[in-house]
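Report on the following structure.
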Amino acid sequence: MSVYLQDIPLQEAKARYQAALEQAGLWRVLGEETIDLDETVVGRTLAAPVWAQSSSPHYHASAMDGFAVRTGETVNAGPTTPVSLEIGPQAVYVDTGDPMPPTFDAVIPIENTEALDAQGQITGDIRNPDSVRIRASVAPWMHVRPLGEDIVATELVLPAGHVLRAVDLGAIAAAGLMQVTLARKPRVAILPTGSELIPLGKPAKSGEILEYNSLVMAAQINTMGGIATRFPITADNLQEILQRVQEASSSNDLVLINAGSSAGAEDFSAEVIEQLGEVLVHGIAVRPGHPVILGILNRESRMKEANSNAQVPVIGVPGYPVSAALTIEIFVEELLACWLGRTVSELPIIKASLTRKIVSPAGDDDYVRVTVGRVGNRLLAAPLSRGAGVITSLVKADGLVVIPRGKQGVEAGEEMDVHLYRSGAELERTILCIGSHDLALDLIAQFLAKCDRRLVSANVGSLAGLLTLQRGEAHLAGSHLLDPETGEYNLTYVRKYLPGTPVRIVTLAGREQGLIIEPGNPKSIKDLEDLIRPEIRFVNRQRGAGTRVLLDYHLNLKGIAPDGIIGYNQEEYTHLGVAAAVASGRADCGLGVVAAARALELDFIPLYQERYDLVVPKSISNQDLVAPIFDLLQDSSFRAAVSALPGYDVRSMGNLVLED
């Protein structure tokens, strides 16, 4: 019986899948292989424990260059009562690692002895004296590595399920073994499906999508200890997908069908799984990734392993990149850990306060990607874009916040667990810049990497950036807010929204703002007056953005009513977002910087010059963390890089606008 897009809680879905795999004999280590010990086994999982075959060291060894002695013959030695020991019967020269002579039980380092000749005089031939004089006694086994100090034969060196590291290879070799028994790597087939998909390297036309999900998923699987095989793209054709899934299931331990897991007319994954086996779960209460399918296939196996099973698990993976990557983390990691006999990899968890409110669907476990940084004594988590197709949110994410089902969101300032992708040390080197979008911020991030700093910017608009500083949730904000009364940038707004907060304002650059238009200007747009033409579709920046303030200022001067502009309420959060809207045909024009227009090969009508500043609380501007930013503003190579951006003027870069 078909199962279509139910809303099964995550843990219930996992339990249902595990029970089915246990019944099929697939919830276990898949197989073992014994191979020679070499550097290639790093990252592999032990299928059997490593027991020491020999001790290390396997003899009593000198731990120093010096003289082996019997401790009983040194007991009377002191600073004023030196003792001389005859070479041969009482002292024997040894190098580090040499076997200890029988009956000798300590080593005196060579630098703690005086070499004597036959007449009892000090000699320079320290390695071949007739006797040595010592001025301190030694304890038994001092400076000696006794047999089995490191490893004793028959003891456990490493348990089964241990993932091998480079240092483990030395311990295995020291224990006398030259082979290791490892869990067989699971084979995972990735089948990208969709008539709209095209391979990497092929220019994409309208309606075509570059297929890179399989690339990301394969890398995830290989990192988890599996062997991923990426199959060619299969079009949305039921029979072709059936054939490809049968082929993949015949020689792999797990089949991943990417896309087609929803319930559209060309979503065939559930039907394919049903024809070749059984759909166990279709639709899981997680966001993103709701239309995941969990199933099991019957197969005619061509696998060489004698214990290969007659069934193979299959997962229908959603097509959106973020959903696909999250599905691998939630389901495939746990399955591969079971098959390899290791523990499930878990991300480290820290506590951090959210910088803004998150609204979540009450029925889903909501996985929210965040960036994390420390401002003062607080660790802060800034939510990233929620789009399931926004692959860059995965790149920028420092971690995940999981809002459990039944909770309809989290308020700003609430402390949450963050599952970290990055190390704590990286977070301590992170500078949070929240405010207006500017292309030069990307250059700052690039240059700061050389200074062992990481700049994370969130594009929320100039005004929202100042409010973030007011709440102490960022190190700095980019701002270009024009005061209509004075014609001054930023000062009025800083005084209004950061009262009583000493700040340092420095200029990053001058910028040229204007209308971003289609190549060739087919709509003959010349100025803001053209925005009220009924055939012109405009795309705006969000409320609080400096560009939005600039637009409203000049619309007011010209007596143009915003409600007469088609698209005035259509908002984008970055200049590149505006350019993308024009390039895609979603809009005819939008106000933005010339660099964004040039980046997407669009035309540009210059209108205004403006000043873009960095606003930094005084308490933060004096910190070593942000000092490299101010150094950059005087750096000739950085100034040259910003100057190369179309429409940017760096003559005022680094100018101090305000310091109070």
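Tabulated data for the structure shown
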read-out	value
Residue check for residue 650: surrounded by 16 or more Cβ atoms within 10 Å (Cβ to Cβ) and farther than 18 Å from residue 448 by Cβ	no
Segments classed as strands (runs of 3 or more DSSP E), wholly inside the range 1-120, with at least 2 members that are within 30 Å of residue 329 (Cβ to Cβ)	32-36
Wholly within the range 313-415, helices (runs of 4 or more DSSP H) carrying at least 2 residues that are small (Gly, Ala, Ser) and buried (at least 20 other Cβ atoms within 10 Å of the Cβ)	321-327
Residue 48 of a type outside the set (Phe, Trp, Tyr), in contact with a Ser or Thr (Cβ under 7 Å, 6 or more places away or on another chain), surrounded by fewer than 18 Cβ atoms within 10 Å (Cβ to Cβ) and outside the structural domain of residue 106 (by TED's automatic domain parsing)	yes
The range 439-469, subset of a type in the set (S, T, N, Q) and surrounded by 20 or more Cβ atoms within 10 Å (Cβ to Cβ), residue nearest to residue 641 (Cα to Cα)	457
Scope the range 416-436; condition buried (at least 16 other Cβ atoms within 10 Å of the Cβ) and not in a loop (DSSP other than H, G, I, E, B); matching residues	416, 418, 419, 420, 427, 430, 431, 432, 433, 434, 435
Residue match in the range 67-77 (condition: within 23 Å of residue 150 (Cα to Cα), crowded, with 19+ Cβ neighbours inside 10 Å and touching a His at 6+ places or on another chain (Cβ under 8 Å))	no
Enumeration of residues in the range 608-629 that are more than 21 Å from residue 642 (Cβ to Cβ) and either surrounded by fewer than 16 Cβ atoms within 10 Å (Cβ to Cβ) or among the β-branched types (Val, Ile, Thr) (or both)	618, 619, 620, 622, 623, 624
Options 118, 15: the member that is more than 30 Å from residue 317 (Cβ to Cβ), out of contact with any strand residue (DSSP E or B) (no Cβ under 8 Å at 6 or more places or on another chain) and aliphatic (A, V, I, L, M)	118
Test: residue in the range 144-165 that is more than 30 Å from residue 43 (Cα to Cα), touching a residue at least 40 places away in the same chain (Cβ under 8 Å) and part of a loop (DSSP other than H, G, I, E, B)	yes
Exclusive hit being assigned by TED's automatic domain parsing to the domain that holds residue 645, part of a loop (DSSP other than H, G, I, E, B), modelled with pLDDT of 95 or more and surrounded by 17 or more Cβ atoms within 10 Å (Cβ to Cβ), set 516, 505, 525	525
Filter pass, residue 568 being of a type in the set (Ser, Thr, Tyr) and buried (at least 18 other Cβ atoms within 10 Å of the Cβ)	yes
Among residues of the range 424-442, those that are touching a residue at least 40 places away in the same chain (Cβ under 8 Å) and in contact with a Lys or Arg (Cβ under 8 Å, 6 or more places away or on another chain), counted	6
Pairs with Cβ under 6 Å, 6+ apart, first in the range 472-483 and free of Cβ contacts under 8 Å to residues at least 12 places away in the same chain, second surrounded by fewer than 24 Cβ atoms within 10 Å (Cβ to Cβ) and not acidic (Asp, Glu)	483/492
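The values are calculated or read from the model by the stated rules, or taken from the named source; none is laboratory data. Everything numeric here is computed off the predicted structure, so don't read it as measured data. Note that we place each Cβ from the backbone using ideal geometry, even for glycine, and neighbour counts take in every protein chain shown.
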